[in-house]
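Every number in this text was worked out from the coordinates using simple rules, so none of it is lab data. Keep in mind it's a predicted model, so treat the numbers as computed, not measured. All Cβ positions, glycine included, derive from the backbone under ideal geometry; neighbour counts span all protein chains shown.
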Amino acid sequence: MATIDNKSMIDELITNDGFFEDDPRVYQIVEYINAFGRIAWGVTWSYEPELSLRRYEIESEYVNSPRVIWRAK
């Protein structure tokens, strides 16, 4: 699980089909508004348990207006 606030890193993940250096492949990227009112991206990896993969899609006090912007095929 990762919360990223660097748009260029997110763009690189999307451009590289979910791969970054020698890290495992990303499962999905969710853009959302964080608790501080800023845009952030939640990243989950393909090796994570099924129940954890979509955790950034659920609104909470920390995740507002989530939307999936990329998902592995």
Problem set entry | Dipole of the range 2-71, positive direction: furthest Cα of W45, S8, V68, with charges on the beta-carbon | V68
For this session: Sort 13-22, 39-48 for me by packing, meaning the mean count of neighbouring Cβ atoms within 10 Å per residue, highest on top.
Result: 39-48, 13-22
Exercise. Okay, helix-only estimate at 222 nm for the chain: each DSSP H run of n ≥ 4 adds -39500 (n - 2.57), divide by all residues, round to 500 deg cm²/dmol; what do you get?
Worked result: -3500 deg cm²/dmol
Exercise. Which of these values of Cα Rg over 2.2 N^0.38 Å was calculated from the structure shown: (i) 1.03; (ii) 1.59; (iii) 1.17?
Worked result: (i)
Problem set entry | GNM flexibility winner over the chain from R54, R38, R25 (Cα, springs under 10 Å) | R38
Exercise. What number, in percent, do you get for the relative contact order of the range 2-71 if the mean sequence gap of Cα pairs under 8 Å and at least 6 apart is divided by its residue count?
Worked result: 33 percent
Exercise. ³J(HN,Hα) across the range 9-14 via Karplus (A = 6.51, B = -1.76, C = 1.60, θ = phi - 60°), whole Hz, x for Gly/Pro?
Worked result: 5, 5, 4, 5, 4, 5
Exercise. To the nearest 20 debye, what charge dipole does the chain have about its Cα centre, counting +1 at the Cβ of each Lys and Arg and -1 at the Cβ of each Asp and Glu?
Worked result: 240 debye
For this session: For R55 and N16, compute 0.36 nm times the residue count separating them, minus their Cα-Cα distance, and round to one decimal in nm.
Result: 11.8 nm
